[in-house]
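Worksheet for the structure shown next.
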Amino acid sequence: MDQRIIDLYDEYTHKPLPRRVFLERMAVLVGSAAAVPAVLAQIEPNYALAAVVAPDDARITTETVSFQGATGEVKGYLARPKVVDKAPSVIVIHENRGLNPHIEDVTRRFATEGFVALAPDLLSPLGGTPQDPDRAREMIGQLDAAKTVNDLNAAISYLMAYRYSSGKVGAVGFCWGGGMANQLALKAPDLKAAVVYYGRSPDPELVTSALKAPLLLHYAGLDQGVNSGVPAYETALKKAGAKYTLYMYEGANHAFNNDTSAERYNEAAAKLAWQRTVEFLKQNLV
């Protein structure tokens, strides 16, 4: 697919670009309005594909939970190994489309790797994630970032006290959630590790020696928007003496881990990043 189409879609999903304008610009790129639906079918997430680990997989147990956050009751999706005494815990921070079937599936994948995994619905203060992903994207923009970080901090406390948790908690964030994982690492002294998938970098001025959680940073080589902030972030991490590992996946697009989007998913990059993520979390949480 023409990279300009993917770049336009990323602009639409991450900036306040109205759908009407997006579709008009897409029609110009593909040659006609009639061709747009076929292209969108290849690039927009298809949540019917979001079942790498089935909800009734015999290895795991899933449930809907809630905990008290800074904004009130926060709901979430929790998955854990079925046979477990105490296991390390991971907060799975969703993309800017909310807690959708793909993120629930990723949460189950972590459970099959031996983690207690919790995906909070960070749109809970606005009524929860809607079925319309475009509506979810609009709602994400209405969230108070500081309060959302505090909700995530409350998720850490919830997992530290959870009966099947060892008390050691890490976080993994994707896209918008990757940016929130960065923010959480700066604000949460109890966080033991953070993994960022193509998330926006924080203000370098906020990165200080108070950052204690080791970081694993995954970036996509073609993701110009996010990558523009990486050099200054890395300089700040070095200056602060932070523990971090950074990987750039050349030839991969933003959201390369999301296997419900055929054109942006990069199997090789996704598998390698997942392997590195699981190893990193086990090293720092077990």
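The values are calculated or read from the model by the stated rules, or taken from the named source; none is laboratory data. Just so it is clear, the model here is predicted, and its values are computed rather than measured. Using ideal geometry, Cβ is built from the backbone for each residue, glycine included, and neighbour counts are taken over all protein chains shown.
Listed by position, the helices (runs of 4 or more DSSP H) enclosed by region 175-240 that each have at least 3 residues that are over 19 Å from the mean Cα position of the chain (by Cα) are 230-240. Filtered by the rule that a residue be charged (D, E, K, R) and modelled with pLDDT under 80, region 11-20 gives a lone residue, Lys15. Among residues of region 150-175 that are in the same structural domain as Val92 (by TED's automatic domain parsing) and surrounded by fewer than 23 Cβ atoms within 10 Å (Cβ to Cβ), those with a Cβ under 9 angstrom from a residue that is aliphatic (A, V, I, L, M) and at pLDDT below 95, sequence gap 6+ or separate chain, pair up as Asn150/Ala70; Asn153/Ala70; Ala154/Ala70; Tyr164/Val84; Ser166/Val286; Lys168/Val286.
Scanning region 67-103 for residues that are surrounded by 24 or more Cβ atoms within 10 Å (Cβ to Cβ) and charged (D, E, K, R) turns up Arg80, Glu95, Arg97. Candidates in region 77-115 are the residues that are of a type in the set (Ser, Thr, Tyr) and without any contact (Cβ under 8 Å) to a residue 60 or more places away in the chain; of these, the one that is farthest from Thr277 (Cα to Cα) is Tyr77.
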